[in-house]
Ligand SMILES: [Zn+2]
């Protein structure tokens, strides 16, 4: 499919941002056996049929698109993403990039390749297709499907030490491809230094998505400071009751809206095997649509705002920034 003008790269090819639809901005649809699953068995999700059932459930409640936040060489299952997207009719935006270093074995290429070599792996996935053998060794085999976003991640070391080379490689790949970055923060901490690094490397604020900010809700001032930089704030701890209740999450989102940051909010469930219904957990990919959006509605948020979190904001955030997308209303204003 050829798209002229602004586009979002999905595993089935580029689409127009206006056709993205209702979008969860951070999930994990599949995760192969490997170091991540050894560390936490709840992360392993490799049952094609069970994940497909979740996608069909998502589709049945009006779901349009899902961002899979598992990067290259870290258990990502590119073939399954491509097949499940085609079979369910749900757009899937896949990730290149890197995760926390604890998720890779000691002899993994992520530890030894140079900054330039790693940037080339990320950028070449966008240009030629996602690697399918990157968990085992320096990758050579690919599928046709391409990633639509670059995942980055820091732990308590922040963007320094062993992470610096990886963050810079991700920035170089972003600059080359125009792909937005979606960045893991550890318990919501370290966002400001990540944002500074991205901005210093020339990535537009509107193409930076900071994840897990809602793991810690207490310090509103901190959230406001991150929001002031213009980046997207991703609230993906919805339905994770070990951190907080949905009511606390809803009140927090309301506070951010009162401060006029509704155009910068993205939402998701950041699912694991432990939580998904089809794998035996308590909730499914219908949870935001069936439970959380109605809760926000009860708190008085209008449809136009709810539509921003789930449709309009992701459509802008995941658009390749070489040809920006401002949404239909501003585009038509510009044309006039
Ligand atoms: Zn995640």
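Scan the stretch 280-288 and tell me whether some residue there is assigned to a helix (DSSP H, G or I), surrounded by fewer than 16 Cβ atoms within 10 Å (Cβ to Cβ) and free of Cβ contacts under 8 Å to residues at least 24 places away in the same chain.
No.
Looking only at the stretch 235-248, decide whether some residue is under 16 Å from residue 306 (Cβ atoms), more than 16 Å from the ligand (Cβ to nearest atom), surrounded by fewer than 18 Cβ atoms within 10 Å (Cβ to Cβ) and over 19 Å from the mean Cα position of the chain (by Cα).
yes
Residues 191, 145: which one is more than 16 Å from the ligand (Cβ to nearest atom), surrounded by 22 or more Cβ atoms within 10 Å (Cβ to Cβ) and farther than 26 Å from residue 38 by Cα?
So the residue among 191, 145 that is more than 16 Å from the ligand (Cβ to nearest atom), surrounded by 22 or more Cβ atoms within 10 Å (Cβ to Cβ) and farther than 26 Å from residue 38 by Cα is 145.
How about the stretch 295-326: which of its residues are free of Cβ contacts under 8 Å to residues at least 60 places away in the same chain, in contact with a helix residue (DSSP H, G or I) (Cβ under 9 Å, 6 or more places away or on another chain) and outside any helix (DSSP H, G or I)?
299, 300, 301, 326 - these are the residues of the stretch 295-326 that are free of Cβ contacts under 8 Å to residues at least 60 places away in the same chain, in contact with a helix residue (DSSP H, G or I) (Cβ under 9 Å, 6 or more places away or on another chain) and outside any helix (DSSP H, G or I).
State the number of residues belonging to the stretch 62-78 that are within 16 Å of residue 285 (Cβ to Cβ) and surrounded by fewer than 24 Cβ atoms within 10 Å (Cβ to Cβ).
Residues flagged as within 16 Å of residue 285 (Cβ to Cβ) and surrounded by fewer than 24 Cβ atoms within 10 Å (Cβ to Cβ) within the stretch 62-78 amount to 2.
Here are the criteria: (1) buried (at least 23 other Cβ atoms within 10 Å of the Cβ); (2) within 15 Å of the ligand (Cβ to nearest atom). Tell me which single one residue 186 does not satisfy.
Looking at each condition in turn, residue 186 falls short on (1).
Would the stretch 207-214 turn up any residue that is surrounded by 16 or more Cβ atoms within 10 Å (Cβ to Cβ), on the phi < 0 side of the Ramachandran plot, within 16 Å of the ligand (Cβ to nearest atom) and touching a residue at least 60 places away in the same chain (Cβ under 8 Å)?
There is at least one residue in the stretch 207-214 that is surrounded by 16 or more Cβ atoms within 10 Å (Cβ to Cβ), on the phi < 0 side of the Ramachandran plot, within 16 Å of the ligand (Cβ to nearest atom) and touching a residue at least 60 places away in the same chain (Cβ under 8 Å).
Within the stretch 224-234, is there a residue that is at pLDDT below 95 and over 17 Å from residue 122 (Cα atoms)?
No: the stretch 224-234 contains no residue that is at pLDDT below 95 and over 17 Å from residue 122 (Cα atoms).
The values are calculated or read from the model by the stated rules, or taken from the named source; none is laboratory data. All values reported here derive from a predicted model rather than from experimental measurement. Please note: Cβ atoms are built from the backbone with ideal geometry, for glycine as well, and neighbour counts cover all protein chains shown.
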